[in-house]
1. Looking at this model, which pairs from B:Lys57/B:Lys78; B:Lys57/B:Lys80; A:Lys141/B:Lys103; B:Lys59/B:Lys115; A:Lys160/B:Lys103; B:Lys22/B:Lys89 are more than 19 angstrom apart at the alpha-carbon?
2. Would you mind checking which residues have amide H under 5 Å from A:Asn16's amide H? H placed 1.01 Å from N; only 5 or more apart, or other chain.
3. Can you pull the percent of Cα pairs in chain A with separation above 31 Å?
4. With θ set to phi - 60° and the Karplus curve 6.51 cos²θ - 1.76 cosθ + 1.60, what are the ³J(HN,Hα) couplings of the stretch A:106-117 in order, to the nearest whole Hz, using x for Gly and Pro?
5. Could you give the distance between the Cα centres of the stretch B:89-120 and the stretch A:141-158, to the whole Å?
6. With n ≥ 4 as the cut-off for DSSP H runs, can you work out [θ] at 222 nm for chain B, using -39500 (n - 2.57) per run divided by the number of residues, rounded to the nearest 500?
7. If I model chain B as equal point scatterers sitting on the Cα atoms and use the Debye formula, what is log10 I(q)/I(0) at q = 0.12, 0.13, 0.17 Å⁻¹?
8. Over all directions, how big on average is the projection of the convex hull of the alpha-carbon atoms in the protein assembly as shown, in square nanometres?
Amino acid sequence: MTEGDRATLELDLKQNHFELLGLPQRFRIDPGALSQAYRHMQSALHPDRFARAGDQARRLAVQGAAQVNEAYAVLRDDGRRARYLLELHGVAVDEERDTAQDPEFLMEQMELREALEAAEQDPRPLEAVERVRADIGARHKALLQAFEQAFEAGDLAAAKAEVLKIRFFERLRQEATALAERLEDRDLP
Amino acid sequence: MAYSDKVIDHYENPRNVGSMDKGDRSVGTGMVGAPACGDVMKLQIRVNDAGVIEDAKFKTYGCGSAIASSSLLTEWVKGKTLEEAGSIKNTEIAEELALPPVKIHCSVLAEDAIKAAIDDYRKKGGGAAETIAPVDGETGAA
């Protein structure tokens, strides 16, 4: 039996993303440790290592590599990692039905969107959009910190409320980025 | 995914876009948001002494279906009593606009928005101040 065979056969496909990559199951994550664990698992499961292994071992390795990719994609993204942690704690986030009604938060969303619209009309639109983007980025970061605090304190209801707010900011950031790209293209000759 | 003609019509010519004074006692404001798409919707109603919605305005940041859902809803609630407006179901909106399954949440948002606006109006005790003044000789003349 080769090294590769053993690695695959010991791979437990029922492990969660944190376990699979050998990382502590919490929100704060060490980006260096994450990418190192990812690269390590990727090379351990590389198809070349299983070129001469049996069919079953090869299949397991392919399956394992797919799971490692998925685990890495979820854990490296702050929002997805937060939602995944809630999921592991049995808290379902139904984005279709969980409509938000915190009027203050929604008013802030309206105002940030209006600010983006206004920035587009600004005499120096790119700089104006960058200011709104920086503002959005800072508020997004504060929400991630609020999530971590609530989650670490075991207040899952509060953590879920933050996760729903984070979704709005992810969307807002996408729109702000798209707007900035559009403005940059407009300035091209 | 193609939008239905009705969605496109409301999207290109949205009805009743605008704002009312939030502080006005006869105005109810409903704000809702959908995390799935980041849509934000503000719906406002002006209610007369008889409890009938005289005017409705909306402002929505979101996709075509969210804009169409709120535009259609403002058309529907005008002239309705609060009870009638509060019983509008998202399925009726989705059906009228022929929304595909992935856009059903836009109609849910519109239903939640009108309910929130009605709640806000009632919480403010909307219209209560006016009822203190006798409207005409009939009231209280037993």
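Quick note: the coordinates plus some simple rules give every number you see, no bench work behind them. What you are looking at is a predicted structure, and each value in this text was computed from that prediction instead of being measured. FYI the Cβ positions are ideal-geometry reconstructions off the backbone, even for glycines, and counts take in every protein chain you see.
1. Details: B:Lys57/B:Lys78 10 Å; B:Lys57/B:Lys80 14 Å; A:Lys141/B:Lys103 29 Å; B:Lys59/B:Lys115 16 Å; A:Lys160/B:Lys103 23 Å; B:Lys22/B:Lys89 25 Å.
Too far apart for the 19 Å limit: A:Lys141/B:Lys103; A:Lys160/B:Lys103; B:Lys22/B:Lys89.
2. none
3. Numbers: 6724 of 17766 pairs.
Counting pairs separated by more than 31 Å, the tail of P(r) holds 38 percent.
4. Whole-Hz 3J(HN,Hα) from phi for the stretch A:106-117: 5, 5, 4, 4, 4, 5, 5, 5, 5, 5, 5, 4.
5. So the two Cα centres are separated by 31 Å.
6. Details: 6 runs with 60 residues, N = 142.
The helix contribution divided over chain B gives -12500 deg cm²/dmol.
7. -0.47, -0.54, -0.84
8. So the mean shadow area of the Cα hull is 25.0 nm².
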